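Right, one structure below, let's go through it.
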Protein chains: 2
Amino acid sequence: MVAERAKVSRVAVSRAFNPHTSLKPEKRALILRIAQELNYTPDRAARALVSGRSHSVGVIVPDVCSPRESQEIDALTTALQNEGFATLLFKTQTDMSMDETLLTYMKGFNPDAVIAFVENIPPATLARVLDQAVPIYVHYPLEGQPETGVLAADKTLHDQLNVMQRNGIEQAVALLQGYGARRIAYLSGLPRSLASVAREQTLRAVMADRGLDEPIVFSGDFTYDTAYAATVDLFRVGQGADAVFAANDVGAFGVIDALRHEFGLRVPQDVKVVGFDDIEQSHWKSYSLTTVKIDLAERVRALVRLILRRLNDPGAPAFVETLQTRLVVRGTVG
Amino acid sequence: MVAERAKVSRVAVSRAFNPHTSLKPEKRALILRIAQELNYTPDRAARALVSGRSHSVGVIVPDVCSPRESQEIDALTTALQNEGFATLLFKTQTDMSMDETLLTYMKGFNPDAVIAFVENIPPATLARVLDQAVPIYVHYPLEGQPETGVLAADKTLHDQLNVMQRNGIEQAVALLQGYGARRIAYLSGLPRSLASVAREQTLRAVMADRGLDEPIVFSGDFTYDTAYAATVDLFRVGQGADAVFAANDVGAFGVIDALRHEFGLRVPQDVKVVGFDDIEQSHWKSYSLTTVKIDLAERVRALVRLILRRLNDPGAPAFVETLQTRLVVRGTVG
DNA sequence: CGCAACAATGAACACGTTTTCACGACTCGT
DNA sequence: ACGAGTCGTGAAAACGTGTTCATTGTTGCG
């Protein structure tokens, strides 16, 4: 510790860097100035060792390449960075599931919190691997409700970030119906994905409310290629559909391309398409996708807010935040 | 430290987790078994404090959303994870530059190495902020040569990862020429981007070698929207071009969409388009882009190899790795 | 059998912080 | 003017490892 050039104890240096400690202002200023000169910053490792806080947040994703996730990571990194945290990124190996190995591995890096963009973590795994020290934020839709939630590891805690999907879906269905669509299909995401299931449930409910027949469901896995292939299958055998609702935007791109290039169908004249997310690529002219928008940036800010509050006050009652969705109308409907 | 249930000293526990220490095998096994039962892993913070190694690698990017970068981060995370490292992700604030603030901030987290997908870091900043303890791997093209390089912070070290761009560009130009293209344009990336400059230089050299006129250069910034607008400008005033070479794939998408939707031009019949990178989206049917491919996964593996070697042997002479590019032919040429 | 080399082991220390505790120097209210 | 409270300060302890050093038990070689 070289900063004792200021003729003060190491304790004083420590205090100089911690706002809420009592230290004579002029002395603090002196220490900070000298630290600046010497290019000194308090060692995070030592700090983490004694405080138990690493000031990092573990983020687990299945696939960084997916536009939706990369946008989420981007926003998350920015938000965390602004709060003095670092993003510790980890990837699940194959599918969207997460095994105990990865969780243990990540836990080894002592993240203060964990955000898992992964849906099917066995609760047993979760409970066993994590001490209560690390608040886990798993993100998935609440059962039977048209919202996604954020659930703490400890079942008694229950911080929630609710994304109300119903608004956007209602607007989309109304628009489709307005343009005369009758046979509406739903391209699911991964079959076990709770997000996809929740969207399907809400869609069914909304369509029933408006007197429409049940949707034709065909299954994808959130990727372009699978969506493309699934669309080819659907339209080759039956009479297809006159509107397709995809569980995510990338899937919608696959649907659009399959319709155009495999069957020569026009979008939106012959088939209308609606996506979900509103990712960066959705406004590209080749797709110009009408889609149900979740404001990712805002959602991530809310997430970070939740984490920070919980970290500052571990014993506080559950926090709840709610986000709305809305339809962004572009060229694939109408 | 609860693992003394095994009736051994803490030192023995430490040794049990470190392969190259002398400890009776049966005792090591016992300790590891008990550790497993107790769900114990050595504390990284303490480990980092004493060893000076955090087992994490800082990664700096301007924009995680960009497909190219997200693919790179994805591959990097996988590779690092396999080697027992974590990825510490940071974002530059606005453009592709990096200010001292961010570098200092990141340094506070003690990454063992830094990979910056950022090109214009002032050497002064670099030198001042980093101790020699952290090998910096900045990635940019070597001056006047048709390759990108990886340069260590210390100028005496000089580990290099060379990406030979010439191969792919030659194949692309030959193909364009074979289809009768004469007026070839180049859409640059960010004007100060060394990668873009290197590609332009190589393109010029190759075209001169083949007796073609100088390329028409118009400038973008690697994004879709800017590429779209720049293409509109170019084709509105002059007579345009009969082939466009874009500095990256996303830019090529913007070019294609502008040609089709603003001018009703057909790709490839009226204008041929070649990109650079071969990202995931390039095979999507709406674009089906012919592009110069860099094997990102292989490039990242090489990068990680370099870092690991340097970490194991800080004094070793410079390591050099070389990667080739090749043309992937799809639908936008021919 | 004797001596040297070597494997196995634990005690003590080091790493760079934050936190707790104790002490003196003030300020304030009466 | 005196005690109570507050502020500023540093000494010492603590955080959980890896490392060095000395000690003991063991093997190998002549």
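The values are calculated or read from the model by the stated rules, or taken from the named source; none is laboratory data. What you are looking at is a predicted structure, and each value in this text was computed from that prediction instead of being measured. Don't worry about glycine lacking a Cβ; one is built from the backbone with ideal geometry, like all the others, and counts go over all protein chains shown. We work out accessible area using only protein heavy atoms, side chains counted, and drop any ligands, DNA or RNA first. Shrake-Rupley method; radii C 1.70, N 1.55, O 1.52, S 1.80 Å.
Annotation for B:ARG326 and B:ASP270: the two label points, set 7 Å from Cα along the Cα-Cβ direction, are 3.4 nm apart. Per-residue ellipticity at 222 nm from helix content only, as computed over chain A with -39500 (n - 2.57) for each DSSP H run of at least four residues, stands at -12500 deg cm²/dmol.
I'd like the FRET efficiency for A:ASP233 and A:SER51, computed as 1/(1 + (r/R0)^6) with the beta carbon distance as r and R0 of 41 Å, rounded to 0.05. Approximately 0.15, to the nearest 0.05. The magnitude of the dipole of region A:2-42, with charges of +1 and -1 set on the Cβ of Lys/Arg and Asp/Glu and taken from the Cα centre, is near 120 debye.
Normalised per residue, the accessible area of the protein assembly as shown is 43 Å², obtained with a 1.4 Å probe and no contribution from ligands, DNA or RNA.
A cut-off of 5 Å between modelled amide H atoms, ignoring neighbours fewer than 5 places along the same chain, links A:VAL320 with A:GLN160. If every alpha-carbon in the protein assembly as shown counts as one equal scatterer, what log10 I(q)/I(0) does Debye give at q = 0.07, 0.08, 0.10, 0.11 1/Å? The Cα Debye sum returns log10 ratios of -0.53, -0.69, -1.04, -1.21. Dipole of the protein assembly as shown computed with +1 at Lys/Arg Cβ and -1 at Asp/Glu Cβ about the Cα centre; of B:THR290, B:VAL329, B:HIS55, farthest Cα towards the positive end is B:HIS55. Per-residue mean of foreign Cβ neighbours for A:41-48 is 6 (Cβ atoms of other chains, 10 Å radius).
Its Cα centre serving as origin, region A:166-294 has a Cβ charge dipole (Lys and Arg +1, Asp and Glu -1) of approximately 260 debye. Summarising the label geometry, the points placed 7 Å from Cα in the beta-carbon direction at B:SER9 and A:ARG210 lie 7.5 nm from one another.
Under the simplified labelling scheme, the A:LYS27-A:THR101 pair shows an inter-label distance of 5.3 nm, with each label point 7 Å from Cα along Cα→Cβ. For region B:2-42, the residue among B:ILE31, B:PRO42, B:VAL8 whose Cα projects farthest onto the positive side of the dipole built from Cβ charges is B:VAL8. Normalised by the number of residues in chain A, the mean separation of alpha-carbon contacts (under 8 Å, six or more apart) gives a relative contact order of 15 percent. As a length-normalised measure over Cα pairs under 8 Å and 6 or more apart, the relative contact order of region A:166-294 settles at 25 percent. Amide H contacts for A:VAL163 (H built 1.01 Å from N in the peptide plane; partners 5 or more residues away or on another chain; cut-off under 5 Å): A:THR148, A:LEU323. Antiparallel beta bridges, as assigned by DSSP with both residues in chain A, represent about 20 percent of the total such bridges. Built from the Cα atoms of chain B, the convex hull projects on average onto 20.1 nm², one quarter of its surface area.
Name the most mobile residue of A:PRO19, A:PRO67, A:PRO317, meaning the one with the largest mean-square fluctuation, in a Gaussian network model of chain A with Cα contacts below 10 Å. Ranking A:PRO19, A:PRO67, A:PRO317 by mean-square fluctuation puts A:PRO19 first.
Counting 0.36 nm for each residue step from A:GLN201 to A:LEU38 and taking away their Cα separation leaves a gain of 52.7 nm.
Rolling a 1.4 angstrom probe over region B:2-42 with all protein chains present gives an accessible area of which 54% lies on carbon and sulfur atoms. Within region A:2-54, none of the GluC sites (Glu not before Pro) combine a DSSP coil assignment with at most 12 other C-beta atoms in a 10 angstrom radius. Summing Lys and Arg as +1 and Asp and Glu as -1 over all other residues whose Cβ lies under 9 Å from the Cβ of B:LEU259 gives a net charge of -1.
Computed about the Cα centre, the dipole magnitude for chain A is approximately 1380 debye when only Lys and Arg (+1) and Asp and Glu (-1) carry charge, each at its Cβ. For A:ALA318 and B:ARG166, a Förster radius of 60 Å and the Cβ-Cβ distance give a FRET efficiency of 0.50, rounded to the nearest 0.05.
For region A:168-223, relative contact order (Cα pairs under 8 Å, six or more residues apart, normalised by length) works out to 47 percent. Derived scalar couplings between HN and Hα for region A:216-221 equal 7, 9, 10, 10, x, 8 Hz in order, rounded to whole Hz, by the Karplus curve 6.51 cos²θ - 1.76 cosθ + 1.60 (θ = phi - 60°), x for Gly and Pro. For the protein assembly as shown, the residue among A:ALA198, B:PRO135, A:LEU259 whose Cα projects farthest onto the positive side of the dipole built from Cβ charges is B:PRO135.
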